[in-house]
1. So if I check each of Ala45, Ala79, which one is in contact with a Phe, Trp or Tyr (Cβ under 8 Å, 6 or more places away or on another chain) and buried (at least 21 other Cβ atoms within 10 Å of the Cβ)?
2. Any residue in the stretch 17-31 that is closer than 18 Å to Ile49 by Cα sitting within a Cβ distance under 9 Å of a residue that is part of a loop (DSSP other than H, G, I, E, B) and not aliphatic (A, V, I, L, M)? List the pairs, counting only those 6 or more apart or interchain.
3. Could you tell me whether the stretch 80-95 includes any residue that is more than 20 Å from Gly4 (Cβ to Cβ) and in a loop (DSSP other than H, G, I, E, B)?
4. Do you know which residues across the stretch 1-49 are in a loop (DSSP other than H, G, I, E, B) and hydrophobic (A, V, I, L, M, F, W, C)?
5. Check whether at least one residue in the stretch 53-74 is modelled with pLDDT of 95 or more, in a helix (DSSP H, G or I), surrounded by fewer than 14 Cβ atoms within 10 Å (Cβ to Cβ) and out of contact with any helix residue (DSSP H, G or I) (no Cβ under 8 Å at 6 or more places or on another chain), and report yes or no.
6. Name the pairs whose Cβ atoms lie under 7 Å apart, with the first residue in the stretch 77-92 and without any contact (Cβ under 8 Å) to a residue 40 or more places away in the chain, the second among the charged types (D, E, K, R) and assigned to a helix (DSSP H, G or I), and 6 or more positions between them or separate chains?
Amino acid sequence: MTVGELQEALGLRAVVPADPERVVTGGYAGDLLSRVMAHAKSGDAWVTIMTNRNVVAVAMLTDVAAVIFAEGTEPDADAVAAAEARGINLLASEQPAFAVCKALGARL
């Protein structure tokens, strides 16, 4: 499934649609950035409520396919600018993190 297909299937809003053709191969949920760095895998869709620029740095380090901001959280302006500059897909959902993860898991 591509990031674009995931966006459509889960009803996500594209905040930064850097590479909608990027393939999503798994998922990871977490807000403790050190844990995400240790456990997220290349190609994952990462579900979080963290919204600062550090999220983009961790997304780059782990090579996740996309970051999904759950629960109506929105990345701050610095995070959006960093994602645009580095080609990181950022998506957003009003749904609770659990619901996003459940929907993601059902489609992978």
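1. Numbers: Ala79 fails: in contact with a Phe, Trp or Tyr (Cβ under 8 Å, 6 or more places away or on another chain).
Going through Ala45, Ala79 in turn, the sole match is Ala45.
2. Listed pairs, sorted by first residue: Tyr28/Lys41.
3. Scanning the stretch 80-95, I find no residue that is more than 20 Å from Gly4 (Cβ to Cβ) and in a loop (DSSP other than H, G, I, E, B), so the answer is no.
4. Met1, Leu12, Ala18, Val24, Leu32, Ala40, Ile49
5. No, the stretch 53-74 has no match at all.
6. From the stretch 77-92, the pairs are Asp78/Arg53; Ala79/Arg53; Ala82/Arg53.
The values are calculated or read from the model by the stated rules, or taken from the named source; none is laboratory data. Since we're looking at a predicted model, the values are computed, not measured. Reconstructed Cβ throughout: ideal geometry from the backbone, glycine too, with neighbour counts over all protein chains shown.
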